[in-house]
Amino acid sequence: MKRTDPQPIGELLDKLFKSPDIAVKIAEGALPDTWRKVVGPLVAEQTRQVRFIKGTLYVHVTSAVIRTELMMQRAALVKAINNHTGFDIVKQVVVQ
């Protein structure tokens with residue numbers, strides 16, 4: 001086994017987290033926080049559940065008025081979420 005020069009752990013972690021597969025998984029895990037940032041505090045307060053399954057973001061909202069508004073803006077939400085994460089991971093948003 002060939003030895004390499006020692007590297008700072010911070011640099012190794014940066015390389016690991018910037019690898020495409022890991023970065024996408026991290027972005028998927030952060031989708032509930034991303035949702036809050038994209039929609040703002042008013043909508044986030046009415047959101048009870050955010051789930052991500054195979055490209056679809058499922059959002060449960062308690063307010064009928066907010067639910068209707070979000071349903072009309074689904075395409076814009078997909079674009080805003082993907083822009084925020086830096087990856088095209090969300091293909092559609094289902095508001096429940």
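Readers should treat all values here as calculations from the given coordinates under stated rules, not as data from a laboratory. If you're wondering where the values come from, they're calculated on a predicted model, not measured in any experiment. Backbone-built Cβ (ideal geometry, glycine too); neighbour counts: all protein chains shown.
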Q. How about the range 1-57: which of its residues are free of Cβ contacts under 8 Å to residues at least 12 places away in the same chain, of a type in the set (Gly, Ala, Ser), part of a helix (DSSP H, G or I) and under 30 Å from Glu69 (Cα atoms)?
A. Gly29, Ala44
**Q.** Which numbered condition Val93 misses (of (1) free of Cβ contacts under 8 Å to residues at least 40 places away in the same chain; (2) outside any strand (DSSP E or B))
**A.** (2)
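Name every residue in the range 41-68 that is exposed (fewer than 15 other Cβ atoms within 10 Å of the Cβ) and in contact with a strand residue (DSSP E or B) (Cβ under 9 Å, 6 or more places away or on another chain), in order of residue number.
Let us first name the residues in the range 41-68 that are exposed (fewer than 15 other Cβ atoms within 10 Å of the Cβ), namely 41-42, 45, 48-49, 51, 53-56, 58, 60, 62-65, 68.
Residues satisfying the conditions are Arg48, Gln49, Arg51, Gly55, Thr56, Tyr58, His60, Thr62, Thr68.
Within the range 62-79, can one find any residue that is part of a loop (DSSP other than H, G, I, E, B), in contact (Cβ under 8 Å) with a residue 24 or more places away in the chain and under 25 Å from Asp21 (Cα atoms)? Give the steps one after another, and end with the answer.
So the first thing to find is which residues in the range 62-79 are part of a loop (DSSP other than H, G, I, E, B), and the list is 62-63, 73.
Still in the running and in contact (Cβ under 8 Å) with a residue 24 or more places away in the chain: none.
No, because not a single residue in the range 62-79 is part of a loop (DSSP other than H, G, I, E, B), in contact (Cβ under 8 Å) with a residue 24 or more places away in the chain and under 25 Å from Asp21 (Cα atoms).
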